[in-house]
1. Can you pull out the residues in region 320-345 that are among the aromatic types (F, W, Y) and touching a helix residue (DSSP H, G or I) at 6+ places or on another chain (Cβ under 6 Å)?
2. Which residue pairs have Cβ atoms closer than 8 Å, lie 6 or more positions apart in sequence or on different chains, and pair a first residue in region 435-446 that is in a strand (DSSP E or B) with a second residue that is of a type in the set (G, A, S)?
3. Taking the conditions exactly as written (in a helix (DSSP H, G or I), in contact (Cβ under 8 Å) with a residue 60 or more places away in the chain and of a type in the set (F, W, Y)), does F223 satisfy them or not?
4. Residue by residue through region 211-248, note down the ones that are modelled with pLDDT of 95 or more and in contact with a Gly (Cβ under 8 Å, 6 or more places away or on another chain).
5. With of a type in the set (S, T, N, Q) and either more than 22 Å from the chain's Cα centre (by Cα) or modelled with pLDDT of 95 or more (or both) as the only criterion, which of N184, N125 stands out?
6. Restricting to region 217-272, and then to whatever is within 27 Å of I421 (Cβ to Cβ) and basic (K, R), can you tell me which residue is surrounded by the most Cβ atoms within 10 Å (Cβ to Cβ)?
7. For region 226-272, give me each residue that is outside any helix (DSSP H, G or I) and of a type in the set (K, R).
8. Taking region 72-86 only, how many residues are under 9 Å from I50 (Cα atoms) and assigned to a strand (DSSP E or B)?
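The values are calculated or read from the model by the stated rules, or taken from the named source; none is laboratory data. Note that the coordinates shown come from a computational prediction; the quantities given were computed from them, not determined experimentally. Neighbour counts run over all protein chains shown; Cβ positions are idealised from the backbone, glycine included.
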Amino acid sequence: MEGGYPAAHLGFFRIASYLKNRGFEADVADLELDELDDYLERIREGDYAIVGFSVSTYEMEKDLDLIWACKEAASKLPFRCLMIAGGQQAAMNTRQWLEEGGIDICVLGYGERPMLALCQQIDANPAASISEICKGISGTAYLDEARKLVFNPQPAITQEEFDILNYDCMLEANIPYEKFWAYNEKKISSLEFNKLVFRIKNIRIYATSHCPLRCAFCSSQYFLPAAQNSKAQKIVMLSAEKIHQLVLAFHKRYGADSFFFGCDNFVIAKQGRDRLSRLCTLLIESKKKGELPEEVVFHCMARVDSFITAHEGKRVIDYDLLNAMKAAGFVNISSGVETFSDRLLHVPSVNKINISRKDCTDVLDAILAAGLVPQILLILAIPESTPDEMLDTMMTAARFIREGAQVGCTTYMFADYGAPITSNPQYSFDRREWKNPYTGEIVKINNKVHPLDPVVASVIDKFETATDEEILRLRADTRWSTGILPKFFVGLASFIAIAKLLKRDDAVAYFEDIFNQLCQKNSLEGAQSQEQTVIRS
């Protein structure tokens with residue numbers, strides 16, 4: 001979260017609350033808000049028998065720095081302090097975290113029950129070996145005395161267990177949202193924010209177990225099957241009624257006025273659409289009754305095909321659902337479109353077989369027509385992409401930016417551990433290196449998948465520098481000379497930079513024309529009275 005706007009880590013706070021309610025003390029540290037040195041000192045003083053981490057691929061170097069700093073702090077204690085990792089990568093990249101990452105035990109899948117069992121075992125026999133501690137505890141992985149990996153998968157989560165963790169435990173948990181909101185309020189107040197609407201009092205709700213779809217660059221759909229050593233996990237989800245009760249409870253308790261449904265795909269299949277329709281009805285009724293203020297808003301993530309249904313043998317857009325979302329207070333739908341190329345949607349590295357370019361554009365147009373804001377997530381350098389396909393995707397995205405959409409771009413496809421692309425021999429990827437400051441050992445970390453087209457590879461290698469230069473150029477003659485930039489500014493600056501690298505003057509002119517239109521529109525809307533200057537190269 002460094003440099004961003006931190007939010008409460010629900011997994012940690014939920015586990016901490018679960019343990020506290022069963023007799024164990026647990027603290028949660030967020031190093032954006034809290035001082036690492038304070039917690040390292042507490043480790044040295046023997047305050048903790050376990051230190052837990054949520055590990056990732058994207059910030060693996062930071063995770064390794066932190067884990068080994070904690071191990072060093074615990075190294076002179078008269079008792080053992082275990083380092084335990086959880087999260088998707090603890091299940092997807094288990095061996096590396098145990099062999100090279102300084103981790104003693106990986107917790108697999110939902111962590112509440114395994115963590116409670118581990119605490120009980122350690123409390124009963126602090127000197128027991130790790131093999132003895134983990135014996136009989138499903139949802140744990142460790143290296144035995146012979147350094148052999150022992151993987152004890154969890155059973156598949158049931159509907160009852162899912163409801164307990166994501167409904168009952170969330171109602172019981174005492175999460176210090178106000179601490180995070182105060183930090184973000186202070187941070188924003190020190191910046192020129194250009195009067196953009198920014199909801200500080202936001203709470204995330206997780207209401208769906210997982211996305212079962214098979215995007216080849218994504219490891220999320222394989223997390224629970226890996227943690228459970230099974231081929232599939234039935235989708236389980238909170239009911240509309242339970243989600244509604246969480247919204248009412250969190251608004252009343254904390255004063256939250258914005259909710260983000262952080263599931264990978266909140267509107268999954270027919271059951272997801274039916275649930276969302278029912279939730280919208282409940283939210284509309286609560287606003288009419290005065291249980292929920294009209295200004296409370298909602299955001300979610302969903303694939304574009306979640307809003308396409310079958311009717312009389314045809315694929316049709318569910319306009320009724322989109323209109324209901326608008327009426328209930330939804331304002332934003334984030335969708336991983338990845339590309340607007342029919343060919344690229346279906347290549348092995350993407351594998352969105354049942355989605356077409358027309359599906360994407362039709363649904364995005366429908367979202368805009370309903371008065372909602374689509375956030376379009378793109379991967380610019382899909383390995384199979386040609387320069388023309390990359391440019392066409394950007395030009396299509398720019399059209400949506402002009403019409404009010406937001407666009408977020410990832411340059412490369414990442415080789416996340418557990419994603420199918422990492423085991424497909426037709427693709428190659430870089431590996432970053434981290435040097436252990438205590439042992440001198442080198443840890444290699446999966447990184448970027450190489451584009452197959454040499455022109456695309458060359459352009460993307462220069463992308464960040466070129467985009468930074470373009471942002472500086474565009475800033476100079478607009479009212480955004482300082483402060484936070486609107487999303488259209490950053491997206492179009494990156495498109496202009498790539499078009500210049502491709503020497504496509506027609507595309508540069510197209511992007512700059514849209515940029516100027518939006519600058520003028522912002523000026524006319526009175527965001528600031530500063531005169532706008534037309535940007536041309």
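1. Within region 320-345, just F340 meets the criteria.
2. Note: pairs meeting the criteria are V443/G101; N446/A415.
3. So F223 fits the description; yes.
4. M237
5. N125
6. Among those that are within 27 Å of I421 (Cβ to Cβ) and basic (K, R), it is K234.
7. K231, K234
8. 3
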